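Below is one structure, written out as structure tokens, with a few remarks after it.
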């Protein structure tokens, strides 16, 4: 539904997102497409706002995924990373196709591995300082 921005041709991707937004069957779906359009054009705060509005209308995999994706791209600290994982876990609780859930599940496992490695590296540096 929302992965058009990953195509190699940005113009075609934006055209597809706009067409999908214009043919959305619900406000909740329209907000998600608008969020991806805003994200892809650099308006991350507005994209987050669309994701939040979509979630208030109806909890959905796509809305949580959009929010997690935008936050992961804008924040790299440990607290933000933990929140992104929480959002992805919420996404997994919502209905969606198996492919998307598999991708998110893989992302969560990868994130845990990266955060564990990052934490271990910081701990080693701290021990060397002490």
* Looking at the range 53-65, which of the residues that are within 13 Å of the chain's Cα centre (by Cα) and either in contact (Cβ under 8 Å) with a residue 60 or more places away in the chain or more than 14 Å from residue 91 (Cβ to Cβ) (or both) is surrounded by the most Cβ atoms within 10 Å (Cβ to Cβ)? -> 65
* Which of (1) under 20 Å from residue 91 (Cβ atoms); (2) at pLDDT 90 or above; (3) assigned to a helix (DSSP H, G or I); (4) within 15 Å of the chain's Cα centre (by Cα) is the odd one out, the single condition residue 4 does not satisfy? -> (2)
* Asked: How many residues are without any contact (Cβ under 8 Å) to a residue 24 or more places away in the chain and in contact with a helix residue (DSSP H, G or I) (Cβ under 6 Å, 6 or more places away or on another chain) if we restrict to the range 10-28?
  -> 5
* **Matching residues, the range 19-29, being assigned to a helix (DSSP H, G or I) and either under 19 Å from residue 65 (Cα atoms) or touching a strand residue (DSSP E or B) at 6+ places or on another chain (Cβ under 7 Å) (or both)** => 20, 21, 27, 28, 29
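The values are calculated or read from the model by the stated rules, or taken from the named source; none is laboratory data. What you are looking at is a predicted structure, and each value in this text was computed from that prediction instead of being measured. As a convention, Cβ positions derive from the backbone with ideal geometry for all residues, glycine included, and neighbour counts pool all protein chains shown.
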